[in-house]
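Contents: one structure, followed by commentary.
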Amino acid sequence: MKLLQTLSTRRIAAAGLVVTLACSLAGQQLAHLPGFSLVGALVLALLLGMALQAWSSLRDAARASTPFIANKFLRAGIILLGFKLNLVLLMGAGMKSLMAAIVIVTVMVALNYIVARKLFGVEHTLAVLTACGSSICGAAAVMGVSGAAKAKADDSVLAVACVAILGTAFTLVLVALQPMLGFSEAQFGTLAGLSLHEIAHAVAAGGAAGAVGTDAAIVAKLSRVLLLAPVAILVGVVEAHRAVTKETNAVLAGTNGVAVETSIHEGTEAAPRTRFFAQMKHVPIPWFMGGFLLASAIGSYVPFVAGFTDSLVTIAYLLLGMAMAALGLNVNFSVVAKKGARPLASSFLCSIVLVILAYSIVRMFF
C-alpha cells in the first residue's frame, strides 16, 4: 500500500513538472516569433499555464506540485539570472546609467505605490508588486518581491499582467516616437532601458536604433535590474516593521491581555523593538537575492565562467518560466477580473511619468 501511495505521489509531482516545463519551453519558442517577442517568454509561460486551466483533469494533477515549483524554482531562476548582469560593463560604461537608474527606481517605486494606494485605493500588497514591477524589471521584479511582500498568487499574476500590458504598449509608443525625439542612437537606447518594464521590451525598442541603441538599452536596463536585490530586501524589512506596528497597535488597544501584560513589564519602548527582532525571524526576506548578486560577481569576474553564462541564463529563464506557469495554473480569474482595473490605471499613469522622467534625464545628462 505504501509503495502504491509513493508511486502515486511521485506521479502527481511529475505531472506538475512536465506541465510547467512544457509551458516554459513553449513560451521560449513563441517569444522568437514576431509580435510575441514584445510579450516575453515569462509572460507567455504564465498565459499558457492560465489556458491549461481549461483542462480540469490536467490542472488538478499538476496543481499538487505547483506551490513547490512557484517557490523554489523561482528563487533558483532569479539566482541564475544574476549571471546575465555584467558588473564590469555596468561599473565601466554604465556608471552614468546606474546613477540614473537609482534615481528612477527610487522615485518611481515611491510614486507608483502612493498613486496606487491614495488615488486608486489599491490594497497594500498589490500596490507594492505593481510599483516594483513597473519601476525595476517587470515580471522578475514582481516575483522577486512577492515572497517578502507575502503576496497571494492572484496578486502576483495581476501585477505581472499590468507590467506586461503596459510595457508592450509603451514599447510600441517609444518606437513610433523615435524619429521625433531628436535623440542619437545611444540616447534612444538609454531612454528605452530606463523607461520600459521588461528586458525584452528594452531590447526590442533599443533595436529600433540599431546595434548602438540595443547596447545602450541593455546597459541602462541592467542598471535597473541590479537594484532588484536591495529593493526586495528593503521590502522584507518594511513588511516586518508593518507587522510589528499592527501588533503594537493591537497591544495598545488592549486586544491581547497577555501581550499588554508583557508590554508593561518590558516597557513601552523595549517591547516594540523586541517584537520587531522576533518578527524579523519569521519574515521571508529574500536572502536568495544575495545569490543573485553573488552570481553576478562570479559571472563578471571569474574568467572561465564566461563560457557557461549563456547556458546558465537559459536555464534561469526556463526555471522562471516554470514558476510563472505554476502561477498561471492557480489563477483565480474572478479575483483578477474584479481587482484588475485599478492597478492597471494606476500603473498606466505612472508609466507616463516614468517615460517623461527618463526622457528628461537622458536629455540633460546623456
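When the residues of region 179-202 are filtered to those that are modelled with pLDDT of 85 or more and of a type in the set (A, V, I, L, M), the one that is farthest from Thr106 (Cα to Cα) is Met180. Taking (1) out of contact with any Asp or Glu (no Cβ under 9 Å at 6 or more places or on another chain); (2) in contact (Cβ under 8 Å) with a residue 60 or more places away in the chain in turn, Lys152 satisfies each apart from (2). The one condition from (1) out of contact with any Cys (no Cβ under 7 Å at 6 or more places or on another chain); (2) closer than 23 Å to Ser296 by Cβ; (3) open to solvent by 30 Å² or more (accessible area, probe 1.4 Å) that Ile199 does not meet is (1). Here Leu227 meets the list (1) within 17 Å of the chain's Cα centre (by Cα); (2) surrounded by fewer than 24 Cβ atoms within 10 Å (Cβ to Cβ); (3) over 22 Å from Gly290 (Cβ atoms) almost entirely, failing just condition (3).
Listed by first and then second residue, the pairs with beta-carbon distance under 9 Å, at least 6 apart or on different chains, first residue in region 46-62 and outside any helix (DSSP H, G or I), second at pLDDT 80 or above and among the hydrophobic types (A, V, I, L, M, F, W, C), form an empty list. For Ile114, the criteria (1) buried (at least 18 other Cβ atoms within 10 Å of the Cβ); (2) of a type outside the set (Phe, Trp, Tyr); (3) farther than 22 Å from His201 by Cα hold in every case but one, which is (1).
The rows are residues; the columns are (1) of a type in the set (S, T, N, Q); (2) in contact with a Phe, Trp or Tyr (Cβ under 9 Å, 6 or more places away or on another chain); (3) closer than 20 Å to Glu239 by Cα.
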{"residue": "Gly133", "(1), (2), (3)": "no, no, yes"}
{"residue": "Gly144", "(1), (2), (3)": "no, yes, yes"}
{"residue": "Lys150", "(1), (2), (3)": "no, no, yes"}
{"residue": "Glu185", "(1), (2), (3)": "no, no, no"}
{"residue": "Ala192", "(1), (2), (3)": "no, no, no"}
{"residue": "Ala205", "(1), (2), (3)": "no, yes, no"}
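A residue that is modelled with pLDDT under 60, assigned to a loop (DSSP other than H, G, I, E, B), more than 22 Å from Arg75 (Cα to Cα) and open to solvent by less than 40 Å² (accessible area, probe 1.4 Å) occurs nowhere in region 243-262.
The values are calculated or read from the model by the stated rules, or taken from the named source; none is laboratory data. Since this is a predicted model, take the numbers as computed values, not measurements. Please note: Cβ atoms are built from the backbone with ideal geometry, for glycine as well, and neighbour counts cover all protein chains shown. The area values use the complete protein model at the heavy-atom level, side chains included, leaving out ligands, DNA and RNA. Shrake-Rupley method; radii C 1.70, N 1.55, O 1.52, S 1.80 Å.
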